[in-house]
1. Here are some residues: LEU294, LEU287. Which one is in contact with a Cys (Cβ under 7 Å, 6 or more places away or on another chain), aliphatic (A, V, I, L, M), open to solvent by less than 50 Å² (accessible area, probe 1.4 Å) and under 23 Å from LEU226 (Cβ atoms)?
2. Which of the numbered conditions does GLY170 fail, given that it passes all the others? Conditions: (1) within 25 Å of the chain's Cα centre (by Cα); (2) open to solvent by 20 Å² or more (accessible area, probe 1.4 Å).
3. Being farther than 27 Å from ILE208 by Cα, modelled with pLDDT under 85 and part of a helix (DSSP H, G or I) narrows it down to one of GLU340, GLU382, so name that one.
4. So which residues in region 219-240 are open to solvent by 30 Å² or more (accessible area, probe 1.4 Å), touching a Ser or Thr at 6+ places or on another chain (Cβ under 9 Å) and part of a helix (DSSP H, G or I), if there are any at all?
5. Of everything in region 8-50, what is modelled with pLDDT of 85 or more, within 29 Å of the chain's Cα centre (by Cα) and hydrophobic (A, V, I, L, M, F, W, C)? Give them in sequence order.
6. Identify the residue in region 151-164 that is charged (D, E, K, R) and assigned to a strand (DSSP E or B) and, among all such residues, is farthest from PHE92 (Cα to Cα).
Amino acid sequence: MLRRHLLLLLLLFSFVSVALSAHCTTVTATKTFQKCMNLPTQQASIAWTFHTHNATLDLVFFGNFISPSGWVGWGINPSSPGMTGARVLIAFSDPNSGQIITLPYILDPTVKLQRSPLLSRPLDIRLLSSSAALYGGKMATVHNGAAVQIYATLKLTPNKTKIHFIWNRGLYVQGYSPTIHPTTSDDLSSIATLDVASGTAASQSGGIETLRVIHGILNAVSWGLLLPIGAVTARYLRNVQALGPAWFYAHAGVQLAGFALGTIGFVIGIRLGELSPGVEYSLHRKLGIAVFTLGGLQTLALLFRPKTTNKFRKYWKSYHHFVGYACVVMGVVNVFQGFEAMAESGSYAKLAYCLGLSTLVGVCVALEVNSWVVFCRKSQEEKMRREGLIGVSEKESGSYS
């Protein structure tokens, strides 16, 4: 019993030590800083001292490697809260000596999405000094989870104490060229605006994350569910004579509601692109534009629908069916692309959508089987009637007498 209690105490102390280590600190092996702050993602933090008399900033960034061959970096964007245009310091293991080194980089549009390799070059901001150290001293090595401290001394513009701070980490370094970082939600939200004088920070991820969730919900409901439901309504209810023209109004109402919600989701998606410079989901974006275009063409087609007696009616129906089904299929595919973009591949949201979509598919299969059974039965009866195996009903014969 005593051993069990001692074991529980040791576990408790270990949890407490881990919790305390997660808090920011102003003390390092070489310097002591005045202020510190936990950053909202990647369990990162910073500590700094701002010298108001000469506008000099001493800063250290605390981060963790996610790969033995990876990199960790932080930087300042002098123009906007975003990755593109940032001036950064990136630490990684020197491929020649194996020692931890820090090199400066500029994230201009030419290296966006690795279209060209990221090469080190001098910064156009006043960087007075920089260095990096692994937690554990000179004997420490880069490994998965290794803690690193990246120091810098910067000369800021007088009376401008607010900076756009960014940070991130990646899996590989090719020579001295860091490769692109992962694109999970945390990795895309590692941006904050910091006032080094007051010590306050405004995370840029909160508003963007809310827009991402709204964008995802609206598009999943509209393009991913309402438009398929509208197509099912037209295909299987139009032959129910008891409904009369009600099937058409139901079909048009559901499609218009889906297109309206989808338009709002599309506009939010465009806004998200503007708020996330340097982040681009090429396939998701192209599919979104294509789906919105096809949905707009379908909506406009209602205004130019020929009458049933018009000779162009059959061509309009072919166009309407082709564009409609293309819009539905591409919309569903793009919803799954959206889950991938939001790193929600294994989330309950995706599970809920899959359950809703599979239920709709199951209903379609059942209705399709029923339609074929009815069609085959009517075809058999018509064949037997032509062959004289069954007679005309009394109601039908009475109508001709």
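1. LEU294
2. Here GLY170 meets the rest and fails (2).
3. GLU382
4. Scanning region 219-240 gives ARG235, TYR236.
5. MET37, LEU39, ALA44, ILE46
6. LYS162
Table: residues versus (1) at pLDDT below 90; (2) open to solvent by less than 60 Å² (accessible area, probe 1.4 Å); (3) part of a strand (DSSP E or B).
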site: TRP74; (1), (2), (3): no, yes, yes
site: PRO81; (1), (2), (3): yes, yes, no
site: THR84; (1), (2), (3): yes, yes, no
site: ALA91; (1), (2), (3): no, yes, yes
site: PRO95; (1), (2), (3): yes, no, no
site: THR102; (1), (2), (3): no, yes, yes
site: LEU123; (1), (2), (3): yes, yes, no
site: GLN149; (1), (2), (3): no, yes, yes
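Yes/no per residue for (1) over 14 Å from the mean Cα position of the chain (by Cα); (2) not aromatic (Phe, Trp, Tyr):
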site	(1), (2)
LEU275	no, yes
LYS286	yes, yes
ALA290	yes, yes
LEU294	yes, yes
LEU297	yes, yes
PHE304	yes, no
THR308	yes, yes
SER318	yes, yes
PHE322	yes, no
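The values are calculated or read from the model by the stated rules, or taken from the named source; none is laboratory data. Note that the structure is a prediction, hence the values are computed from the model and not measured. Methodologically, a virtual Cβ is constructed for each residue, glycine included, from the backbone with ideal geometry; neighbour enumeration extends over all protein chains shown. To get the accessible areas, we keep the full protein, side chains included, count just its heavy atoms, and leave off ligands, DNA and RNA. Shrake-Rupley method; radii C 1.70, N 1.55, O 1.52, S 1.80 Å.
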